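Remarks on the structure that follows.
The values are calculated or read from the model by the stated rules, or taken from the named source; none is laboratory data. Note that this is a predicted model, so its numbers are computed, not measured. Positions of Cβ are generated from backbone atoms using ideal geometry, with glycine treated the same way; all protein chains shown enter the neighbour counts.
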Amino acid sequence: MYKLTGVTKTYQKGRATVHALQGVDLVIEDGEWLAIQGPTGHGKTTLLQMLGGLDRPTSGIVEFDGEDLAQLRESQVTRVRATSIGFIFQTFNLIPTLSAQENVEAALVPLGIGAGERQSRALQSLAGVGLEDRARHLPSELSGGQQQRVAIARALVKEPKVLLADEPTGNLDEGTRDEIIALLEKLWRDSGVTLVLVTHDSSVARRAQRVAVMRNGKLSIRQDTRGAAT
C-alpha cells in the first residue's frame, strides 16, 4: 500500500525554516489500521497530507501502490485521490447548501458516474452509516455526530483503497466519539479498507492495530498489536 522513504518537508514561516517532517520512513500494509498521535504542530497533519497526495515532500519517496506520488503530475495525483483515497476531517467539510445525499454524491462526480447511479450509491452509503432517513436534511439540520457520519459516507461511497481521518472525533462529545469510532472500526473490518487516523485521544488510538507517534517531525512506532481492540 504505502512505503515512505526519507520523507522530509520544510517550509518558511517568516524568517524561520520549519522542519515539519524529518526523514520519515513508514510502511503501511493493505487493510491495516494505523493511528498517529503526537503534540499539535509536530507534523501529524503534514504526514497525512503526504499520504493523501495533498502536498508534496521536499525530499524523499511517498510510494502508493508502487507509484511515487511526489513524482506524478498533478492531474495524475488528482485521479489517485478521486478514485483511491477517502478523506474525513475534524470539521466535517460538508457543503452547507447541499443535502446529506447531495454531499455524498459529490464524491462521485469526478468519476463521471451518472446521476441515477450516484443517487443509488449515495443512499446506500448513508444507510451504511445509519442515516438513510436523513438523506434530504441539510448539514445545519444535523447534529455533529450525524454530520460526521455523512462525511464518512462521502469518503466511503467511492469504495476507496485507503481512508485518511484527521482528528475525526475532535469536535464531538465523549459519547458521540465512541459511536463514531465504533462505526469506523466496523466499516474497517467489513470493507478491508486501509485506515490511517490522526488523533490526540489515546482511547481512540488504542483501538488501532498500530500506534505511531509524531514528535518534532520524526515518526516512531509506539505500539504494534497486529489486532484492533475489541
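Residues in segment 110-123 that are closer than 12 Å to VAL157 by Cβ and not in a helix (DSSP H, G or I): how many?
1
Could you tell me which residue of segment 146-178 is nearest to MET1 (Cα to Cα), considering only residues that are at pLDDT 95 or above and of a type in the set (Gly, Ala, Ser)?
Among them, the one singled out is ALA165.
Contact list please: Cβ distance under 9 Å, first residue in segment 158-175 and surrounded by fewer than 16 Cβ atoms within 10 Å (Cβ to Cβ), second residue modelled with pLDDT of 95 or more and assigned to a loop (DSSP other than H, G, I, E, B), pairs at least six apart or on different chains.
From residues that are surrounded by fewer than 16 Cβ atoms within 10 Å (Cβ to Cβ), the pairs are GLU159/VAL193.
Counting only residues that are free of Cβ contacts under 8 Å to residues at least 12 places away in the same chain and either buried (at least 19 other Cβ atoms within 10 Å of the Cβ) or basic (Lys, Arg) (or both), how many does segment 76-101 have?
Adding up the residues that qualify gives 1.
Please verify whether segment 215-230 includes one or more residues that are at pLDDT 90 or above and under 17 Å from the mean Cα position of the chain (by Cα).
Checked against the condition, which is being at pLDDT 90 or above and under 17 Å from the mean Cα position of the chain (by Cα), segment 215-230 yields no hits at all.
Restricting to segment 78-108, give me the number of residues that are of a type outside the set (Phe, Trp, Tyr) and farther than 13 Å from LYS158 by Cα.
Counting residues in segment 78-108 that are of a type outside the set (Phe, Trp, Tyr) and farther than 13 Å from LYS158 by Cα gives 14.
Are there any helices (runs of 4 or more DSSP H) wholly within segment 1-109 with 2 or more residues that are in contact with a helix residue (DSSP H, G or I) (Cβ under 7 Å, 6 or more places away or on another chain), and if so which?
74-84, 100-105
So which residues in segment 124-140 are assigned to a helix (DSSP H, G or I), touching a helix residue (DSSP H, G or I) at 6+ places or on another chain (Cβ under 8 Å) and more than 24 Å from GLU167 (Cβ to Cβ), if there are any at all?
GLU132
Go through VAL24, VAL18, VAL104 for me and flag whichever is under 20 Å from GLN148 (Cα atoms) and either more than 17 Å from the chain's Cα centre (by Cα) or in contact (Cβ under 8 Å) with a residue 40 or more places away in the chain (or both).
VAL104
Could you run through segment 130-149 and say how many residues are under 25 Å from GLU32 (Cα atoms) and out of contact with any Lys or Arg (no Cβ under 8 Å at 6 or more places or on another chain)?
Result for segment 130-149: 3.
Mind counting the residues in segment 185-205 that are surrounded by 14 or more Cβ atoms within 10 Å (Cβ to Cβ) and touching a residue at least 40 places away in the same chain (Cβ under 8 Å)?
Of the residues in that region, 13 qualify.
What is the residue count in segment 108-129 for residues that are without any contact (Cβ under 8 Å) to a residue 12 or more places away in the chain and charged (D, E, K, R)?
Here the count works out to 1.
Given the options GLU117, GLU132, name the one that is over 20 Å from PRO168 (Cβ atoms) and modelled with pLDDT of 95 or more.
After ruling out the rest, the residue left standing is GLU117.
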